[in-house]
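The values are calculated or read from the model by the stated rules, or taken from the named source; none is laboratory data. On a predicted model such as this, the values are computed, not experimentally measured, just so you know. Note that we place each Cβ from the backbone using ideal geometry, even for glycine, and neighbour counts take in every protein chain shown. These accessible areas exclude ligands, DNA and RNA; they are computed on the full protein's heavy atoms, side chains included. Shrake-Rupley method; radii C 1.70, N 1.55, O 1.52, S 1.80 Å.
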Amino acid sequence: MDQLEKKISSLDKSRMPVHVAMIMDGNGRWAKQQGFARSDGHTEGISTVHRVTKMSSDLGIKYLTLYAFSTENWNRPSDEVATLMYLIGWAIERELPELLSNNVRIHLLGDIERIPEEPRQKLFYARDSSAHCTGMQLNICLSYSSRWEITDAARKLAKLAAEGKIEPDSITEEMVADNLTTTGMPDPDLLIRTGGEERVSNYLLWQIAYSELYFTPVLWPDFSNEEYVDAIIDFQNRERRFGKTSEQVQNNE
């Protein structure tokens, strides 16, 4: 039994995170360290997406949410954006057969209409082709930011109030959550960010209110299955209190 297998066997199957979210940071820095173009870093990062998605499915994770392209990323140099859009379309087309064979359902989060036509149609095809799948749900965040998402939810609720369909005073946290792109999903239990930065970068701000945060200096292309399992082991060693005391949590357990 190798080191990875030992770590997997040590996991408490009753305390696995249901929903894992990831900020995939470090592709550009990885490429620079290797003396490659930034596009090579993004290409290498796709291999990590493949590896992490398969590992998540194998471990029984129910939801995996990946921050693939933020609203702010549109401000990057146009040639890099164009490359990223091409790679997104190419990657989803390449990965779709295996995702389907593993019963993975694809869900898209974000302002998808901003994505160029060709990759957008490939994304829609992948989403629709996997709609029947009942295994892990892979959420791909594209042209996404949490402030955009919350603002959009506020607009929807304001419109309902203006039309007299709801009273402003009747708006609850549940109603806000129901108008986010993650409606119907559990909030992430664990948020992993690679690349050494310790911030959440406008990502799932509402949903990660009580998520456990795990930051690693490992750059995304180097993020291994063993590092992923280490993050889950760290998660399982934490006490999740949700505002309660340790004594209350222990009594409930």
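Other residues lying with their Cβ under 15 Å from the Cβ of ILE106 contribute a combined charge of +3, Lys and Arg counting +1, Asp and Glu -1.
Taking ASP40, ASP79, ASP169 in turn, the Gaussian network model of the chain (Cα-Cα springs below 10 Å) assigns the largest fluctuation to ASP169. Between the amide H of TYR144 and those of PHE69, SER70, THR71, ASP111, distances stay under 5 Å, these residues lying 5 or more places away or on another chain, with hydrogens modeled in the peptide plane. With K and R counted +1 and D and E -1, the other residues having a Cβ less than 14 Å from that of LEU191 yield a net charge of -3.
Looking at the stretch 26-93, the accessible area is 48 square angstrom per residue; that uses a 1.4 Å probe and ignores ligands, DNA and RNA. Database remark: amide H of ARG105 closer than 5 angstrom to the amide H of GLY135, MET136, GLN137, LEU138 (H placed geometrically; neighbours at sequence offset of 5 or more, or on other chains; Pro and chain starts carry no H). For the stretch 165-231, trypsin sites (Lys or Arg not before Pro) are listed when DSSP marks them as loop and at most 16 other Cβ atoms sit within 10 Å of their Cβ; the list is LYS165, ARG199. Partners of LYS54 within straight-line reach, counting lysines whose Cα lies under 16 Å from its Cα and excluding those fewer than 8 residues away in the same chain: LYS62.
Using a probe of 1.4 angstrom, how much of the accessible area of the stretch 90-158 is carbon and sulfur, in percent? Of the solvent-accessible surface of the stretch 90-158, carbon and sulfur hold 51 percent. If you take the Cα centroid of the stretch 187-253 and the Cα centroid of the stretch 150-183, the two points sit 29 Å apart. Span-like helix criteria (full DSSP H runs; alpha carbon extent of at least 27 Å along the helix axis; mean Kyte-Doolittle hydropathy of at least 0.0) are satisfied in the chain by 78-101. Of the GluC sites (Glu not before Pro) in the stretch 127-190, the ones in a loop by DSSP (not H, G, I, E or B) with at most 14 other beta carbons within 10 Å are GLU163. Only one item in [x] 28, 27, 18; [y] 39, 26, 14; [z] 38, 19, 13 matches semi-axes √(5λ) of the Cα gyration tensor in Å derived from the coordinates shown, and that item is [x]. Out of all DSSP beta bridges in the chain, what portion is antiparallel? Express it as a percent rounded to 5. Taking every DSSP beta bridge with both residues in the chain, the antiparallel ones total about 0 percent.
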